[in-house]
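The values are calculated or read from the model by the stated rules, or taken from the named source; none is laboratory data. Worth saying up front: this structure is predicted, and the values here are computed from it rather than measured. Cβ sites come from the backbone with ideal geometry, for glycine too, and all protein chains shown count toward neighbours.
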(Lines give C-alpha, C1' and ligand atoms only; values in the text may rest on other atoms or scores of the structure.)
Protein backbone atom coordinates (compact mmCIF):
# COMPACT_ATOMS: atom_id res chain seq x y z
CA UNK A 1 0.00 0.00 0.00
CA UNK A 2 2.11 2.92 -1.31
CA UNK A 3 -0.25 5.85 -0.53
CA UNK A 4 1.37 9.07 -1.80
CA UNK A 5 4.71 8.69 -3.55
CA UNK A 6 7.02 11.61 -4.30
CA UNK A 7 10.12 11.67 -6.48
CA UNK A 8 12.88 12.59 -6.09
CA UNK A 9 13.53 12.51 -2.32
CA UNK A 10 16.51 14.86 -2.54
CA UNK A 11 17.65 17.38 -5.14
CA UNK A 12 20.27 20.09 -5.44
CA UNK A 13 19.78 22.69 -8.15
CA UNK A 14 21.76 25.66 -9.31
CA UNK A 15 20.05 29.04 -9.46
CA UNK A 16 18.16 29.34 -12.74
CA UNK A 17 17.81 25.61 -13.37
CA UNK A 18 14.42 24.02 -13.82
CA UNK A 19 12.99 20.80 -12.46
CA UNK A 20 9.74 18.94 -11.95
CA UNK A 21 8.69 17.25 -8.73
CA UNK A 22 6.51 14.22 -9.30
CA UNK A 23 3.67 12.97 -7.11
CA UNK A 24 1.40 9.98 -7.50
CA UNK A 25 -1.33 8.57 -5.25
CA UNK A 26 -3.00 5.17 -5.37
CA UNK A 27 -5.99 5.89 -3.10
CA UNK A 28 -8.34 7.09 -5.87
CA UNK A 29 -8.52 10.53 -4.25
CA UNK A 30 -10.02 13.44 -6.15
CA UNK A 31 -7.99 16.24 -4.53
CA UNK A 32 -4.23 16.73 -4.52
CA UNK A 33 -2.03 19.42 -3.02
CA UNK A 34 1.52 20.76 -3.03
CA UNK A 35 2.92 22.32 0.15
CA UNK A 36 6.29 23.69 1.15
CA UNK A 37 7.60 23.50 4.70
CA UNK A 38 10.14 25.96 6.03
CA UNK A 39 11.47 26.31 9.60
CA UNK A 40 9.11 28.39 11.74
CA UNK A 41 6.59 28.74 8.90
CA UNK A 42 4.66 25.51 9.03
CA UNK A 43 3.21 24.05 5.86
CA UNK A 44 2.15 26.56 3.22
CA UNK A 45 -0.06 25.64 0.29
CA UNK A 46 1.48 26.28 -3.13
CA UNK A 47 -1.18 24.88 -5.46
CA UNK A 48 -4.02 22.44 -5.23
CA UNK A 49 -6.22 20.46 -7.55
CA UNK A 50 -9.74 19.88 -6.27
CA UNK A 51 -10.44 17.35 -9.01
CA UNK A 52 -8.93 16.04 -12.21
CA UNK A 53 -8.71 18.83 -14.78
CA UNK A 54 -8.69 21.72 -12.28
CA UNK A 55 -5.88 23.55 -10.48
CA UNK A 56 -5.92 26.59 -8.20
CA UNK A 57 -3.36 28.81 -6.50
CA UNK A 58 -2.68 28.52 -2.80
CA UNK A 59 -0.86 30.90 -0.47
CA UNK A 60 2.56 30.95 -2.18
CA UNK A 61 2.20 30.13 -5.91
CA UNK A 62 4.78 32.54 -7.34
CA UNK A 63 7.64 30.79 -9.14
CA UNK A 64 5.77 27.49 -9.50
CA UNK A 65 3.51 25.78 -12.01
CA UNK A 66 1.52 22.58 -11.67
CA UNK A 67 -0.02 19.94 -13.89
CA UNK A 68 -2.74 17.48 -12.93
CA UNK A 69 -1.75 14.84 -15.42
CA UNK A 70 -4.56 12.44 -14.51
CA UNK A 71 -6.41 11.44 -11.36
CA UNK A 72 -3.32 9.79 -9.87
CA UNK A 73 -0.57 12.29 -10.71
CA UNK A 74 0.08 15.91 -9.81
CA UNK A 75 3.43 17.50 -10.68
CA UNK A 76 5.08 20.71 -9.49
CA UNK A 77 7.48 22.57 -11.77
CA UNK A 78 10.09 25.17 -10.90
CA UNK A 79 10.91 26.99 -14.15
CA UNK A 80 13.87 29.02 -12.87
CA UNK A 81 14.92 27.96 -9.38
CA UNK A 82 15.90 30.58 -6.81
CA UNK A 83 17.61 30.16 -3.41
CA UNK A 84 14.32 31.26 -1.77
CA UNK A 85 12.79 28.03 -3.07
CA UNK A 86 15.08 25.93 -0.90
CA UNK A 87 12.58 23.99 1.19
CA UNK A 88 10.98 20.65 1.87
CA UNK A 89 8.11 19.99 -0.52
CA UNK A 90 5.18 17.76 0.36
CA UNK A 91 2.50 16.39 -1.87
CA UNK A 92 -0.81 15.35 -0.32
CA UNK A 93 -4.10 13.89 -1.46
CA UNK A 94 -7.59 13.68 -0.02
CA UNK A 95 -11.06 12.50 -0.95
CA UNK A 96 -12.53 15.99 -1.04
CA UNK A 97 -12.78 17.64 2.36
CA UNK A 98 -11.60 14.70 4.43
CA UNK A 99 -8.16 14.18 5.88
CA UNK A 100 -5.11 14.67 3.74
CA UNK A 101 -2.50 11.94 3.31
CA UNK A 102 1.03 13.19 2.82
CA UNK A 103 4.02 11.86 0.93
CA UNK A 104 7.48 11.58 2.44
CA UNK A 105 8.68 14.89 1.06
CA UNK A 106 11.32 16.17 -1.35
CA UNK A 107 14.25 18.08 0.14
CA UNK A 108 15.29 20.72 -2.39
CA UNK A 109 18.36 22.91 -2.10
CA UNK A 110 18.98 25.72 -4.57
CA UNK A 111 22.54 27.05 -4.58
CA UNK B 1 -0.34 38.53 12.24
CA UNK B 2 -0.51 34.88 11.19
CA UNK B 3 -3.95 33.29 10.90
CA UNK B 4 -2.81 30.41 13.09
CA UNK B 5 -0.33 30.81 15.94
CA UNK B 6 1.46 27.88 17.54
CA UNK B 7 4.34 27.93 20.03
CA UNK B 8 7.29 26.16 18.34
CA UNK B 9 8.71 24.86 21.62
CA UNK B 10 10.63 22.67 22.10
CA UNK B 11 8.60 21.11 24.86
CA UNK B 12 10.40 18.50 26.95
CA UNK B 13 8.50 16.27 29.39
CA UNK B 14 9.24 13.05 31.33
CA UNK B 15 7.65 9.79 30.27
CA UNK B 16 4.14 9.41 31.69
CA UNK B 17 3.42 13.14 31.83
CA UNK B 18 0.29 14.79 30.46
CA UNK B 19 1.16 17.00 27.50
CA UNK B 20 -0.86 20.03 26.45
CA UNK B 21 -0.35 21.52 22.99
CA UNK B 22 -2.21 24.63 21.88
CA UNK B 23 -3.01 26.87 18.94
CA UNK B 24 -4.85 30.14 18.59
CA UNK B 25 -6.41 31.47 15.43
CA UNK B 26 -7.94 34.67 14.11
CA UNK B 27 -10.36 33.55 11.38
CA UNK B 28 -13.79 32.89 12.91
CA UNK B 29 -14.84 31.11 9.68
CA UNK B 30 -12.68 28.06 10.44
CA UNK B 31 -14.91 25.04 10.97
CA UNK B 32 -12.62 22.03 10.69
CA UNK B 33 -9.76 21.54 13.10
CA UNK B 34 -7.00 18.97 12.85
CA UNK B 35 -3.86 17.82 14.60
CA UNK B 36 -1.07 16.20 12.62
CA UNK B 37 2.01 14.42 13.97
CA UNK B 38 5.25 14.62 12.03
CA UNK B 39 8.28 12.50 12.81
CA UNK B 40 11.70 13.73 11.75
CA UNK B 41 12.20 13.59 7.98
CA UNK B 42 8.70 12.16 7.43
CA UNK B 43 5.45 13.54 6.11
CA UNK B 44 2.70 14.66 8.52
CA UNK B 45 0.05 12.12 9.50
CA UNK B 46 -3.40 12.94 10.83
CA UNK B 47 -4.00 12.36 14.54
CA UNK B 48 -7.31 14.05 15.26
CA UNK B 49 -10.04 15.64 13.14
CA UNK B 50 -12.79 17.75 14.73
CA UNK B 51 -15.70 19.65 13.27
CA UNK B 52 -16.79 22.80 15.11
CA UNK B 53 -16.54 23.08 18.91
CA UNK B 54 -16.25 20.40 21.55
CA UNK B 55 -14.03 17.53 22.60
CA UNK B 56 -12.94 14.40 20.82
CA UNK B 57 -11.08 11.52 22.41
CA UNK B 58 -9.07 8.75 20.76
CA UNK B 59 -7.07 6.55 23.08
CA UNK B 60 -4.47 8.67 24.87
CA UNK B 61 -5.27 11.73 22.73
CA UNK B 62 -7.97 14.35 23.35
CA UNK B 63 -8.65 17.30 21.08
CA UNK B 64 -10.56 20.34 22.31
CA UNK B 65 -11.96 23.21 20.28
CA UNK B 66 -13.18 26.45 21.85
CA UNK B 67 -14.51 28.57 19.00
CA UNK B 68 -15.58 31.40 21.31
CA UNK B 69 -11.96 31.88 22.37
CA UNK B 70 -10.50 30.82 18.97
CA UNK B 71 -8.34 28.28 20.78
CA UNK B 72 -7.68 24.60 20.18
CA UNK B 73 -5.78 22.08 22.28
CA UNK B 74 -4.38 18.58 22.02
CA UNK B 75 -3.81 16.61 25.21
CA UNK B 76 -1.62 13.51 25.34
CA UNK B 77 -2.02 11.31 28.42
CA UNK B 78 0.65 8.92 29.67
CA UNK B 79 3.15 10.29 27.16
CA UNK B 80 5.68 7.86 25.68
CA UNK B 81 9.11 8.38 24.08
CA UNK B 82 7.47 7.31 20.81
CA UNK B 83 5.31 10.45 21.04
CA UNK B 84 8.42 12.57 20.44
CA UNK B 85 7.65 14.42 17.22
CA UNK B 86 6.47 17.75 15.88
CA UNK B 87 2.74 18.38 16.29
CA UNK B 88 1.02 20.62 13.76
CA UNK B 89 -2.39 22.13 14.26
CA UNK B 90 -4.38 22.81 11.11
CA UNK B 91 -7.72 24.33 10.30
CA UNK B 92 -9.90 25.33 7.38
CA UNK B 93 -13.24 26.75 6.40
CA UNK B 94 -15.51 24.63 4.20
CA UNK B 95 -13.18 24.75 1.21
CA UNK B 96 -9.94 23.04 0.26
CA UNK B 97 -7.38 25.45 1.72
CA UNK B 98 -5.98 24.25 5.02
CA UNK B 99 -3.91 26.62 7.16
CA UNK B 100 -1.22 25.01 9.32
CA UNK B 101 0.46 26.21 12.46
CA UNK B 102 4.26 26.26 12.56
CA UNK B 103 4.35 23.11 14.71
CA UNK B 104 5.47 22.36 18.29
CA UNK B 105 8.45 20.04 18.80
CA UNK B 106 7.82 17.60 21.65
CA UNK B 107 10.45 15.49 23.39
CA UNK B 108 9.36 12.78 25.83
CA UNK B 109 12.25 11.59 27.97
CA UNK B 110 12.41 7.97 29.12
Practice problem: Just give me the residues in the stretch A:33-65 being crowded, with 18+ Cβ neighbours inside 10 Å and more than 14 Å from every other protein chain (Cβ to nearest Cβ), in sequence order. | Solution: A:64
Exercise. State yes or no: is residue A:107 closer than 29 Å to residue B:51 by Cα and at pLDDT 95 or above?
Key: no
Quiz item: Would the stretch A:67-77 turn up any residue that is at the interface with chain B (Cβ under 8 Å from one of its Cβ atoms) and modelled with pLDDT under 95?
Solution: no
Practice problem: Filter the stretch B:1-20 for residues that are away from every other protein chain (no Cβ under 14 Å) and within 12 Å of the chain's Cα centre (by Cα) and give the result. | Solution: B:19, B:20
Quiz prompt | Residue tally, condition within 13 Å of chain A (Cβ to nearest Cβ), within 20 Å of residue B:14 (Cβ to Cβ) and assigned to a loop (DSSP other than H, G, I, E, B), over the stretch B:97-110 | solution = 0
Exercise. Go through (1) more than 19 Å from residue B:3 (Cβ to Cβ); (2) within 11 Å of another protein chain (Cβ to nearest Cβ); (3) in contact with a strand residue (DSSP E or B) (Cβ under 8 Å, 6 or more places away or on another chain); (4) free of Cβ contacts under 8 Å to residues at least 24 places away in the same chain one by one and return the number of the condition residue B:58 breaks.
Key: (2)
Exercise. Working only within the stretch B:73-110, note down all residues that are in contact with a helix residue (DSSP H, G or I) (Cβ under 8 Å, 6 or more places away or on another chain) and surrounded by 17 or more Cβ atoms within 10 Å (Cβ to Cβ).
Key: B:76, B:106, B:108
Quiz item: Yes or no: residue B:94 farther than 18 Å from residue A:89 by Cα and either part of a loop (DSSP other than H, G, I, E, B) or under 13 Å from the mean Cα position of the chain (by Cα) (or both)?
Solution: yes
Quiz item: Applying the selection to the stretch A:1-17, what residues are loosely packed, with under 11 Cβ neighbours inside 10 Å and either touching a residue at least 60 places away in the same chain (Cβ under 8 Å) or part of a strand (DSSP E or B) (or both)?
Solution: A:10, A:14, A:16
Practice problem: Filter the stretch B:28-46 down to residues that are more than 10 Å from chain A (Cβ to nearest Cβ) and exposed (fewer than 13 other Cβ atoms within 10 Å of the Cβ) and give me whichever is nearest to the chain's Cα centre (by Cα). | Solution: B:39
